[in-house]
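Structure first, then comments.
The values are calculated or read from the model by the stated rules, or taken from the named source; none is laboratory data. A quick note: this is a predicted structure, and the numbers were derived from the prediction, not measured. Using ideal geometry, Cβ is built from the backbone for each residue, glycine included, and neighbour counts are taken over all protein chains shown.
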Amino acid sequence: MNHFMRYQIVLSENPGKAESVLAVELSGFLGFLSLCLDFPIVSKTLQASKDRFVISIIKAEEAGLESHPDSLILRVNDLRSAKKLLKVLILKHQQLLQTFTNPDQLANIDFASDHIAAPSQQPVAPLGVDSFLLQGNYVQDLNGDFLPDKILAGITLPSNAGRDCVAAACNIATVLGAQTTAYDYPLLTKKRSHQMIFKPGLRNAKVEMRNGNIIFSGKGL
């Protein structure tokens, strides 16, 4: 697990479908890997540093991966290449994604999972925009260890999504990944019982619940 390295994704102003899909799915995986996160996880430009690892996703005629000690460049040319690169990152993340663990800092972290003896007696709040991350709503414990290991919601991203909309979806994907103990691919799917739907528009941004789905709509998401 990565404890203190902060991952950041760099996207162009108008990412295509392949770049957007890779960014969202990769965000979920980075959330799953990480104990420490910075938001927003997507930026226009960013410089790497000791505790920040930058991943640039760009459109290119030839797909491929360029690895550096403090950064990665992911070149995609279609959806197939995006999924292929994601698979490589998942399988080889220990070699490709730099982590940062400080033993002195780690010794001071009190992990809730180290103290679980019985399930929580707190009732699960009704599903809503302020409670979807509570266990039993959009995340579920399937193996009885009292830690969520299943995501019950998929993310829906429109084909006309700009960088702001994609960045918002990436933030949600990161949080979902960070809330579970098992990486649940893909996040961009309509096959799950609930959906987190992103709808860019001209009105002010808002979040609402409809029929068990959370809808993010408007400008500046």
TODO: Would you be able to say whether some residue in segment 6-25 is surrounded by fewer than 17 Cβ atoms within 10 Å (Cβ to Cβ), more than 25 Å from Ile155 (Cα to Cα) and modelled with pLDDT under 95?
DONE: no
- [ ] State whether the residues of segment 29-38 include one that is surrounded by fewer than 22 Cβ atoms within 10 Å (Cβ to Cβ), closer than 21 Å to Ala60 by Cβ and modelled with pLDDT under 85.
- [x] no
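Hand me the list of helices (runs of 4 or more DSSP H) wholly inside segment 57-176 holding 1 or more residues that are at pLDDT 80 or above.
Details: elements: 79-91, 93-96, 103-106.
Fully inside segment 57-176 and qualifying: 79-91, 93-96.
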- [ ] Filter segment 163-196 down to residues that are surrounded by fewer than 23 Cβ atoms within 10 Å (Cβ to Cβ) and hydroxyl-bearing (Ser, Thr, Tyr) and give me whichever is farthest from the chain's Cα centre (by Cα).
- [x] Ser193
Open item on the list: So in segment 192-203, with the set limited to residues that are out of contact with any Leu (no Cβ under 8 Å at 6 or more places or on another chain) and at pLDDT below 90, which one is nearest to Val24 (Cα to Cα)?
Closed with: Gly201
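Give the residues of segment 54-70 that are acidic (Asp, Glu), surrounded by fewer than 13 Cβ atoms within 10 Å (Cβ to Cβ) and farther than 12 Å from Leu85 by Cβ, sorted by residue number.
Taking segment 54-70 as the starting set, the residues that turn out to be acidic (Asp, Glu) are 61-62, 66, 70.
Then keep just the ones that are surrounded by fewer than 13 Cβ atoms within 10 Å (Cβ to Cβ); that gives 61-62, 66.
Residues satisfying the conditions are Glu61, Glu62.
Tally time: how many residues in segment 43-56 are at pLDDT below 90, part of a strand (DSSP E or B) and closer than 21 Å to Ile90 by Cα?
Applying the first criterion (at pLDDT below 90) to segment 43-56 yields 43-53.
Within this subset, residues satisfying the condition of being part of a strand (DSSP E or B) are 43, 49, 52-53.
Those still in the list that are closer than 21 Å to Ile90 by Cα too: 52-53.
Looking only at that region, the number is 2.
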